[in-house]
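Below is one structure, written out as structure tokens; the observations come after it.
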Amino acid sequence: MKPDPVIAVDGLTRRFGDVVAVDGLTLEIRPGEVFGFLGHNGAGKTTTVRLLNGLLSPDGGAVRVLGLEPVKDGPELRRRTGVLTETPSLDERLTGRENLEIYAVLYGVPRAEVPGRIESLLVGFELAHRAEEKAGAYSKGMKQRLALARALLHEPELLFLDEPTSGLDPVGARRVHELITRLSQEQHRTVLLCTH
């Protein structure tokens, strides 16, 4: 028997005036899958991620994510998901560690668990040796890895990655893809990966 889908979408539609951004999207994503959501810039991928997180209301269709209705159960849903946007906003005046510490508080990570989780993520994302440097001095690839670590701080069941390798060189892109594979295979996280 197949497990219930983590994401179940049937006929999802969203318009902005006369522009149809998402047009009758239907899909199912099962636990532990890495689902590639392909499309050119402007195809509606980011809009879909916002709809699935309850940040936008659909104009039509049915959506369930982690068994919840995104618009109605948005805050609860967002506590269980992690999001990496195409251009993640980091506070470049703070160190890598400080960026993670702030988000640990915002995500409500139990205080006793914060140091261990942060250290584990810094090591796992190969940032421990630069953790005390300001994020503004990081390369684009390091910033992407720090933003991905931030999205995982609260141990989300579902991860939305919007163009996670945008602007990275081939080595940086490969590292991010390896991290995504590890998340799925070793930690059994479900990943919706938007790319073009």
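The values are calculated or read from the model by the stated rules, or taken from the named source; none is laboratory data. Note that the coordinates shown come from a computational prediction; the quantities given were computed from them, not determined experimentally. Quick reminder, even Gly has a Cβ in these numbers, built from the backbone with ideal geometry, and neighbours come from all protein chains shown. Calculation scope for accessible area: heavy atoms of the full protein, side chains included, ligands and nucleic acids excluded. Shrake-Rupley method; radii C 1.70, N 1.55, O 1.52, S 1.80 Å.
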Peptides ranked, highest mean first, by Cβ atoms within 10 Å: ranges 145-151, 123-129: 145-151, 123-129
Mean Cβ count within 10 Å, highest first, over the residues of peptides 45-53, 69-77, 104-112: 45-53, 69-77, 104-112
Fraction of antiparallel bridges per DSSP, the range 47-196 only, in percent to nearest 5: 20 percent
Volume per residue of the C-alpha convex hull in the range 104-196, rounded to whole Å³: 107 Å³
Which of P170, H188, P156, positive extreme of dipole for the range 137-196 (C-beta unit charges): P170
Entries of K72/K143; K2/K45; K2/K72; K45/K140 with Cα pairs more than 29 Å apart: K72/K143
Assigned charges on the beta-carbon of Lys, Arg, Asp, Glu; the chain dipole about Cα centre (debye): 160 debye
Percent of Cα-Cα distances greater than 19 Å, calculated over the range 34-110: 50 percent
Between 0 and 90°, nearest 10: helix 140-152 axis offset from the chain longest Cα axis: 70 degrees
Cα gyration tensor of the chain - equivalent ellipsoid semi-axes, whole Å, descending: 29, 18, 16
Label-to-label distance, nm, for residues given as H129 and E98 (7 Å Cα→Cβ offset): 2.3 nm
Mean accessible surface per residue for the chain, computed with a 1.4 Å probe while every protein chain stays in place, in Å²: 52 Å²
